[in-house]
1. How far is the Cα center of region 119-182 from the Cα center of region 1-41, in Å?
2. Relative contact order of the chain, please, whole-number percent, based on alpha carbon pairs below 8 angstrom and at least 6 residues apart.
3. Set Lys and Arg Cβ to +1 and Asp and Glu Cβ to -1, take the dipole of the chain about its Cα centre, and tell me which of Ser62, Met185, Gln166 lies farthest positive.
4. Read through the labelled values [x] 31, 22, 16; [y] 47, 17, 14; [z] 41, 17, 13 and report the label of the one computed as semi-axes √(5λ) of the Cα gyration tensor in Å from the structure.
5. Where Lys and Arg each count +1 and Asp and Glu each count -1, what net charge lies around Ala33 among other residues with Cβ under 9 Å from its Cβ?
6. Which angle from 0 to 90°, rounded to the nearest 10, does the C-alpha axis of helix 109-141 make with the longest principal axis of the chain?
7. Under the rule of -39500 (n - 2.57) per DSSP H run of 4 or more residues, summed and divided by the residues of the chain, what mean residue ellipticity at 222 nm is obtained, to the nearest 500 deg cm²/dmol?
8. Which of rounded, prolate, oblate describes region 5-127, given a ≥ b ≥ c as roots of the alpha-carbon gyration tensor eigenvalues and a/c under 1.5 marking rounded, otherwise prolate only if a/b is larger than b/c?
Amino acid sequence: MDNDSTIFIVDDDPAVRAGLTALVRSMRLHAEAYESAQAFLDALDSARSGCILVDVRMPGISGLDLLERLNQIDVPMPAIVMSAYGDVPMVVRAMKSGAMNFLEKPCRDQDLWEAIQEALKWDREHRQQLSIQAKVLHRLERLSEGEHAVLRLLIDGNSNKAIAQQLELSVRTIEVRRSKLMKKMRAESLAELIRLTLSANPTYGRADAETDIAAPRTI
């Protein structure tokens, strides 16, 4: 069992909620059921890991509207959409809204199991990436202005000598700054330094970027 993940079931039909809850728990997974999209949003905690199993047609906020609202508030929780009335436009809208899968009701237990496993795998990997980005951003915050200046020019492909000329400093000073920023960033090579920096902040060093210390981007 994935002890940290929950399958959030959102469906207005009590019988469907009960059946899906029992089925998910029989798969040795945690399950929570909500009678409406609004009830789910009211209880939403984006820090919790898992995926959403949501019906399309519900009173008030529909399942697809729910996915679009989650996108608007930047909660990239993977979702599996289910409907007994699926058609091509509905499937297309679901995918554009960020659904990972679209299952027709009733679906085979194996299909649901595979869809849930795919969604949980994506959620784990996404959260791991965000954790890495946060750590790298913290390292970037510890760099001095001088080290930031060197890092920006390194990312632009400049050599130590070229950086020294542009900053009007000695090559030795640039070497010292480069060594310090490599240690602070915990990078073993220039390639790793650049990869870490740009994975955490893809706009780092760009002239049109508001800041080189930004929140991690969703991927």
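Rule-based calculations on the coordinates, nothing more; no lab input. These figures come from a predicted structure and were not determined experimentally. Cβ placement follows ideal geometry from the backbone for every residue including glycine, while neighbour counts extend to all protein chains displayed.
1. 43
2. After rounding, I find 14 percent.
3. Going by the charge dipole, the pick is Gln166.
4. Answer by label: [y].
5. Working: positive: Arg17; negative: Asp11, Glu32, Glu35.
Around Ala33, the surrounding residues sum to -2.
6. 30
7. Computed ellipticity for the chain at 222 nm equals -17000 deg cm²/dmol.
8. Rounded is the answer for region 5-127, as its axis ratio a/c remains below 1.5.
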